Amino acid sequence: MTSRRLDRRLYELDFEERFTTIDASRWLPHYLPHWTTPDRSGARFDLTHDGLRLRIDADQPPWREADGQLRVSNLQSGSWSGPAGSPRGQHRHVPGLRVVSAGPEQRLHLPHHGLVEARLRAQPDPTLMLAFWLIGFEADSPYDSGEICVVELFGDSIGPGSSQLSTGIKAHHDPRLVDDMARVPWPVNATDWHTYAAEWTPEHVRFFVDDQHVRTVSQSIDYPMQLMLDLFEFRPDGPAARGRYPKIGEVGTVRSYRLGGPAP
């Protein structure tokens, strides 16, 4: 019988981030910078006594003009693309993309199986999503493009008694995978601090909140993946009420473990 609680005894801590600073050897403070310009991809953030506070400001430009009013503040642990004008780059989220800002290949932290977790606190703003996920690096193959979505916290789906947690796997351009996402109601208030984790083995991916098992996806991904921490704002096009700025999403600690501990 599979345990309903997360067991860390099989793992060794490989990476821990408490965000006393933004270490350039660990994090790139841009969101998929190859598809846009640096002024649009650059993260807005503060470092506080709790850790990282991702921020969307009133004057923040859209991430990519072709994607409408989407604004993003993101940190990622790797980056790769082809040359400017080419269609080769990470996370081809829509057809017809071309590289705008080519940059150096950066393999900062790319786990390959193990356990990843982040301590997060979201805001109940219907225009926001706070997320922790992994994407394939893709430099070795354009098919190495799957995603492990540890959690997406949509501001219109969190509340004092229960929150909807979006978790699972997205195939994107990987023909070996199938999309398997679910929005799971869970008895937590996501505006409080909680730890969201994914146990990534060669056979499956299991998802946890505060070490409690939420769901299992019975497929896996067998290539290096980078960490993504982001706050999205889906801003209305018109002058509709958008709430107060800055809008924030908080990240306390991020940890990554590799297989290697003693058997339980």
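Laboratory data are not the source of any read-out in this text; all were calculated from the coordinates shown. Here the structure is a predicted model, which means the values were calculated and not measured. Heads up, the Cβs are rebuilt from the backbone with ideal geometry, glycines too, and the neighbour counts pull from every protein chain shown.
General remarks:
- Helix-only mean residue ellipticity at 222 nm for the chain, each DSSP H run of n ≥ 4 adding -39500 (n - 2.57), per residue, nearest 500: 0 deg cm²/dmol
- Sum of side-chain charges, Arg44 neighbourhood, beta-carbon under 11 Å (Lys, Arg +1; Asp, Glu -1): 0
- Local net charge near Gly159, Cβ-Cβ under 13 Å (Lys/Arg +1, Asp/Glu -1): -3
- Think of the range 8-259 as having a plus end and a minus end, set by charges on the Cβ of Lys, Arg, Asp and Glu; of Ser162, His49, Val184, His49 sits farthest toward the positive end of this dipole.
- Under a Gaussian network description of the chain, with springs only between Cα atoms under 10 Å, the residue in Ile148, Ile22, Ile135 that fluctuates furthest is Ile22.
- Among Gly243, Ala131, Phe15 - extreme Cα towards positive end, dipole of the chain, charges at beta-carbon: Gly243
- Computed over the range 1-156: relative contact order in percent, which uses C-alpha pairs under 8 Å that are six or more apart: 19
- Taking Cα centre as origin and charging only the Cβ of basic (Lys, Arg, +1) and acidic (Asp, Glu, -1) residues, the dipole magnitude of the range 8-259 rounds to 260 debye.
- For Asn74, the shell of other residues with beta-carbons less than 12 Å away shows a net charge of +2, using +1 for Lys and Arg and -1 for Asp and Glu.
- GluC sites (Glu not before Pro) restricted to the range 146-254 and DSSP loop, no more than 16 other C-beta within 10 Å: Glu203
- Stretchable slack from Ile22 to Arg5, in nm (0.36 nm times residue separation minus alpha-carbon distance): 2.9 nm
- Extension gain, Ala66 to Asp140, is 23.9 nm, computed as 0.36 nm per intervening residue step minus the present C-alpha separation.
- One Cα centroid belongs to the range 149-193, the other to the range 1-64; the line between them spans 17 Å.
- Residues considered: Pro142, Pro224, Pro246. Largest GNM mean-square fluctuation over the chain, using C-alpha springs under 10 Å, is found at Pro246.
- Residue with peak Gaussian network fluctuation, the chain [Cα springs, cutoff 10 Å], from Leu47, Leu153, Leu130: Leu47
- Each Cα pair under 8 Å and six or more residues apart adds its separation to the average, and for the chain the resulting relative contact order is 28 percent.
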